[in-house]
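Notes to accompany the following structure.
Derivation of every value follows stated rules applied to the coordinates shown; laboratory data play no part. Predicted model, so just to flag it, every value in this text is computed and none were measured. All Cβ positions, even for glycine, are placed from backbone atoms using ideal geometry, and neighbour counts span all protein chains on display.
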């Protein structure tokens, strides 16, 4: 446990060394300024537009920042042979992974708290808390998937592209399912078989992906319809996919010849 906490602490030191605080500050300043501009452009329901816009910007920006932070930090350790130095000690590779996961996840919690403080300008506290717990779950999945993609590809570009593809597909897979279902219902003739095959493929892909479209919903911020019950399937999916991503990442890490 002490090893895991030590590795997690070094994740915080790397974040400080990378001047993450400056970047986060600039990002929040830009987001709030752009939100105020949107408010001046809106003709009616200004606060609703601002809430939805700020929530979307903070969510997507947080995902990008956490993914890049995880990938670049761990890749730098591989390039500098820091991983070799750590694993040359009597430390299991699983402890290294869980230390990184714990460190970056705690950074994700801090980033989510900052997002919640920004949203308090436009959204009631109760809805902000529900939204904040949801985005913590979302960022935890992104952290685990970023570690997995980095271990698998070993390059910033490929790893980041894979994480973003996973994220975008997870958030939009239900829309693809609806389009495929509509094509099957409205189709006919020779294209009906192809439509059914595509619908089946999309359903299979959707079965393997988390339903991120249910996470951090903009409706909670705009219409204030979020409830604590809605968090139960979100937390459940987070636990399941963290276990799956952790297992895949550990398998890839242990098979590497370090």
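The mean sequence separation of alpha-carbon pairs under 8 Å and at least six residues apart, normalised by the residue count of the chain, gives a relative contact order of 26 percent. Here the gap between residue 161 and residue 12, fully extended at 0.36 nm per residue and compared with their Cα-Cα distance, gives a gain of 51.2 nm. Between residue 117 and residue 78, the simple label model (points 7 Å from Cα in the Cβ direction) yields a spacing of 3.4 nm.
For segment 169-258, what class follows from the C-alpha gyration tensor (a ≥ b ≥ c being the square roots of its eigenvalues): rounded when a/c is under 1.5, otherwise prolate if a/b is larger than b/c, else oblate?
Since a/c reaches 1.5 but b/c is at least a/b, the shape of segment 169-258 is classed as oblate.
If packing is taken as the mean number of other Cβ atoms within 10 Å per residue, what is the order of 195-203, 76-84, 113-121, highest first?
Sorting 195-203, 76-84, 113-121 by mean packing, highest first, produces 113-121, 195-203, 76-84.
Which shape class, rounded, prolate or oblate, goes with segment 2-255 when its Cα gyration tensor gives a ≥ b ≥ c as root eigenvalues, a/c under 1.5 marks rounded, and past that a/b bigger than b/c marks prolate? Note, shape of segment 2-255 comes out oblate. Spin-label pair residue 227-residue 254: with each label point 7 Å from Cα along the Cα-Cβ axis, the two points sit 4.3 nm from one another.
Rounded if a/c is under 1.5, else prolate if a/b beats b/c, else oblate: with a ≥ b ≥ c from the C-alpha gyration tensor eigenvalues square-rooted, which is segment 147-218? Display every interim value, and only then the final one.
Details: a/c = 3.43, a/b = 1.92, b/c = 1.79.
Judged from the Cα gyration tensor, segment 147-218 comes out prolate (a/c at least 1.5, a/b above b/c).
Kirkwood Rh, Cα Rg: Rg to Rh for segment 97-137? With Rh from the inverse mean 1/r over Cα pairs, Rg/Rh is 1.09. Every helix of 4 or more DSSP H residues in the chain counts as -39500 (n - 2.57), and over all residues that averages to -28500 deg cm²/dmol at 222 nm. Taking 0.36 nm per residue of sequence separation and removing the Cα-Cα distance, the residue 169/residue 36 pair yields an extension gain of 44.9 nm.
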